[in-house]
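Below is one structure, written out as structure tokens; comments come after it.
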Amino acid sequence: QVQLVESGGGSVQAGGSLRLSCAASGIAFSVNDMGWYRQPPGKQREWIAAITSGGLTNYVDAVRGRFSISRDNAKNTVYLQMNSLKPEDTAVYYCTAFKGPRVSYWGQGTQVTVSS
């Protein structure tokens, strides 16, 4: 059974930082591309960051330079370091595993709230 379990969400003031973690089980983590999506209140879910099995990263423009995705294959964990947070970063954040270009598995989500 595949599980992606996010942690690290919470409430923070604008300008603050949070680090999200996603522990994966039931998949061959080291060969999977992984990513993060988010869904702001009342809006559609959007992709924000991805990391390949080889460690290459990519970001949506809205978070590039502020967020950093990384992975620890020994711990089967992917991280999202979020700095300089803004109120518009408020969303439920989801960890994903990819199979090719498509999301194959989703985590349950973790809430991030940024107050001004």
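The values are calculated or read from the model by the stated rules, or taken from the named source; none is laboratory data. This one's a predicted model, so the numbers in the text were calculated from it and none came from an experiment. We place every Cβ from the backbone using ideal geometry, glycine too, and count neighbours over all the protein chains shown. For accessibility, only protein heavy atoms count, side chains too; no ligands or nucleic acids. Shrake-Rupley method; radii C 1.70, N 1.55, O 1.52, S 1.80 Å.
Observations
- DSSP-loop trypsin sites (Lys or Arg not before Pro) across region 1-59, with at most 12 other Cβ within 10 angstrom: Lys43
- Applying the Karplus relation 6.51 cos²θ - 1.76 cosθ + 1.60 with θ = phi - 60° to region 46-55 yields 3J(HN,Hα) values of 9, 6, 10, 7, 8, 9, 7, 4, x, x Hz, where x marks Gly and Pro.
- Apolar share of the accessible surface for the chain: 47 percent from carbon plus sulfur atoms, 1.4 Å probe.
- Using a cutoff of 8 angstrom between alpha carbon atoms and counting only pairs six or more residues apart, the relative contact order for the chain works out to 35 percent.
- Each of Ala62 and Thr113 was given a label point 7 Å from its Cα along the Cα-to-Cβ line. The distance between the two points is 1.9 nm.
- In region 1-68, chymotrypsin sites (Phe, Trp or Tyr not before Pro) in a DSSP loop with at most 14 other beta-carbon atoms within 10 Å: none
- Couplings 3J(HN,Hα) for region 28-45, derived from phi with the Karplus relation 6.51 cos²θ - 1.76 cosθ + 1.60 (θ = phi - 60°), are 7, 4, 5, 9, 9, 6, 10, x, 10, 10, 9, 10, x, x, x, 10, 7, 5 Hz, where x marks Gly and Pro.
- The equivalent ellipsoid of the chain has semi-axes of 23, 14, 13 Å, largest first, where each one is the square root of 5 times an eigenvalue of the Cα gyration tensor.
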